[in-house]
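> Input: one structure, supplied below.
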Amino acid sequence: MKTVAFYTLGCKLNFSETSTISRKFEEKGYRKVDFTATPDIFIINTCSVTENADRKCRKVVREARKISPNAFIAIIGCYAQLKPAEIAGIPGVDAVLGAAEKFRLVELLDGFERPAAPRVLASPVERANTFNASWSLHDRTRTFLKVQDGCDYSCSFCTIPLARGKSRSETIENVVSAARTIGESGVREIVLTGVNTGDFGIRNGHREDRFIDLVRALDQVTSVSRFRISSIEPNLLTDEVLDFVAGSERFVPHFHVPLQSGSNKILRRMRRRYLRELYADRVHRIKQQIPHCCIGVDVIVGFPGETEADFLDTYHFINDLDVSYLHVFPYSERANTPAAEMTPVVPKAERARLSEMLHILSDKKRRKFYEDNVGREADALFETRDEGNEMTGFTENYIKVTARFDPLAINDIRRVKLTGISANGFMEVSEVNEEILTHHH
């Protein structure tokens with residue numbers, strides 16, 4: 001029985017796909033082991049979002065070779081689709097598979113005998129036009145369920161359409177059936193994920209469903225306590241979706257809404273599909289409907305042509321918004337994107353400085369959000385045991401809580417009172433009652 005180890009770089013979507021591919025190996029009789037357990041096969045799932053993709057990939061390959069000098073090493077994922085020849089040139093790589101091939105890895109490479117020269121199985125991205133269902137099962141309390149793949153937007157900085165192809169989705173029926181199965185396996189929370197999740201509903205190039213239809217159908221799945229929407233474009237976060245989540249039993253009050261810039265000039269250069277006024281309106285609308293909703297924001301700093309004034313525009317815009325935390329990305333040049341040709345280029349040291357300013361702003365926002373929640377009751381899903389006698393978990397509105405370890409509470413949703421913020425920045429809680437909750441109202 002051959003052994004196989006997996007390593008995933010990048011996003012939640014990659015994790016859900018690695019998890020699914022690993023189950024295919026197990027069905028074929030391979031045994032999944034840890035990266036360090038001298039496996040016969042390594043599968044490395046790559047990401048292309050930042051310029052470190054190449055460096056990270058080389059490093060993981062080097063480590064893999066050290067651990068298991070004769071193992072078969074296959075590289076899959078976004079970076080493999082974008083630069084297959086470059087990856088095939090990395091010493092120690094045996095095979096490179098593109099977006100259309102990665103889910104057929106076990107069949108395409110069956111036997112996994114090391115070839116004399118690396119095999120490159122990467123067809124043009126147009127061939128990546130089928131939807132491959134994926135979900136992660138490595139985490140007992142929450143699972144990432146992929147409902148959509150690819151993207152039809154053409155933001156000037158992004159390689160995802162080149163790496164993953166056009167927008168396409170699973171059927172509502174299949175997502176509901178997967179959610180039911182996941183819930184019955186004991187998982188309490190499902191995070192819906194995709195490249196452009198809110199664009200759900202396109203199959204064979206035609207729109208057949210809407211995201212709101214999926215949300216409504218999933219709300220009926222009783223075996224799952226909570227659904228979380230991972231990330232949704234502001235122009236796709238419709239009043240309909242908002243109103244539904246506000247009244248839902250299962251969809252939690254937490255939205256992650258990419259902004260990328262608070263300057264309309266930069267948003268236009270980025271070719272985003274909205275301006276800051278729409279974004280401010282969405283945040284305002286969320287807070288009106290669901291006052292304690294958590295709102296996460298993606299921001300890119302140091303985009304070509306961004307001046308100090310443009311950055312301050314973004315900074316003040318976010319500072320005035322009632323949002324809860326930021327994910328900050330220094331702009332990273334990607335080959336074959338319009339932004340890579342744009343000038344003037346913001347120096348890397350400057351990008352780092354601007355990032356730091358927004359990280360500090362994010363900490364302030366998170367702290368303020370936590371303070372606003374002190375004294376409230378919430379439902380916490382406890383998931384991991386911390387060092388010592390503490391356990392941590394998340395409330396429905398994504399506040400990280402800490403409490404005394406109780407083995408019965410792990411993977412359970414408990415009603416808690418949010419009592420104050422600890423030295424490490426988590427929320428301290430006291431339990432409201434022993435009764436275990438399955439719903440939150």
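> I want to verify a result. In a Gaussian network model of the chain, Cα cutoff 10 Å, which of these has the top mean-square fluctuation: 187, 345, 147?
345
> Taking only Cα atoms of region 27-111, what ratio of Rg to Rh do you get with Rh as the Kirkwood inverse-distance radius?
0.94
> If you don't mind, another one. Compute the Kirkwood hydrodynamic radius of region 254-373, taking the inverse of the mean of 1/r over all pairs of distinct Cα atoms, and give it in Å to one decimal.
Taking every pair of different Cα atoms in region 254-373, averaging 1/r and inverting gives 14.8 Å.
> Based on DSSP, what percent of beta bridges with both residues in region 291-441 are antiparallel, to the nearest 5?
Around 70 percent of the beta bridges assigned by DSSP in region 291-441 are antiparallel ones.
> Can you give the Kirkwood hydrodynamic radius of region 129-252 from its Cα pairs, in Å with one decimal?
Averaging 1/r across every pair of different Cα atoms and inverting gives 14.7 Å.
> Output ³J(HN,Hα) for region 393-406: one whole-Hz value per residue in order, computed from phi by the Karplus curve 6.51 cos²θ - 1.76 cosθ + 1.60 with θ = phi - 60°, and x for Gly and Pro.
x, 10, 6, 4, 9, 6, 9, 7, 10, 10, 8, 5, 4, 9
> From the residues 178, 246, 221, which one has its Cα farthest along the dipole of region 129-252 in the positive direction, the dipole being from +1 and -1 charges on Cβ of Lys/Arg and Asp/Glu about the Cα centre?
Checking the options against the dipole of region 129-252, the answer is 178.
> Can you give the calculated 222 nm mean residue ellipticity of the chain, where each DSSP H run of n ≥ 4 adds -39,500 (n - 2.57) and the sum is split over every residue, rounded to the nearest 500 deg cm²/dmol?
The per-residue figure over the chain is -9500 deg cm²/dmol.
> Run the numbers on region 129-252 and let me know its relative contact order in percent, using alpha-carbon pairs under 8 Å that are six or more apart.
25 percent
> Can you give the % of DSSP beta bridges in the chain that are antiparallel, to the nearest 5?
Of the beta bridges lying entirely in the chain, close to 40 percent run antiparallel.
> Treating the beta-carbon of each Lys and Arg as +1 and of each Asp and Glu as -1, no other charges, what is the dipole magnitude of the chain about its Cα centre, to the nearest 20 debye?
Taking the Cα centre of the chain as origin, the dipole is about 1120 debye.
> Could you list 78, 11 so that the one with the fewest beta carbons within 10 Å of its beta carbon is first and the one with the most is last?
Lowest count first: 11, 78.
> Per-residue counts of other Cβ atoms within 10 Å, averaged by peptide: what ranking do you get for 405-412, 163-170, highest first?
163-170, 405-412
> Taking the Cα atoms of the chain, report the difference between the largest and smallest coordinate on each principal axis, in whole Å and largest first.
65, 55, 46
> Normalised by the number of residues in region 7-76, what is the relative contact order in percent for Cα pairs under 8 Å and 6+ residues apart?
So the answer I get is 38 percent.
> Where does each of 327, 256 land when they are ranked from fewest to most other beta-carbon atoms within 10 angstrom?
Ordered by Cβ neighbours within 10 Å, fewest first: 327, 256.
> Among all cysteines in the chain, which have no other cysteine Cβ under 4.7 Å from their own Cβ?
11, 47, 57, 78, 151, 293, 294
> In debye, nearest 20, what is the charge dipole magnitude of region 3-127 about its Cα centre with +1 on Lys and Arg Cβ and -1 on Asp and Glu Cβ, if you could check?
Dipole of region 3-127, to the nearest 20 debye: 260 debye.
> Could I ask something else about it? Quick check on the exposure proxy: order 313, 281 from fewest to most C-beta atoms within 10 angstrom.
The fewest-first ordering by Cβ neighbours comes to 281, 313.
> Moving on to the next point. Can you grab the distance from the C-alpha centre of region 77-102 to the C-alpha centre of region 235-251, Å, no decimals?
39 Å
> Would you mind listing how long region 57-182 runs along its three principal axes, going by Cα atoms, in whole Å with the largest first?
Computed over the Cα atoms, the extents are 45, 37, 26 Å.
> Hey, another quick one. Just need the relative contact order of the chain here, percent rounded to a whole number, with Cα pairs under 8 Å and 6+ apart.
Once normalised by length, the contact order is 10 percent.
Throughout, read-outs are computed from the coordinates displayed, never taken from laboratory work. This is a predicted model, so every value here is computed, not measured. Cβ sites come from the backbone with ideal geometry, for glycine too, and all protein chains shown count toward neighbours.
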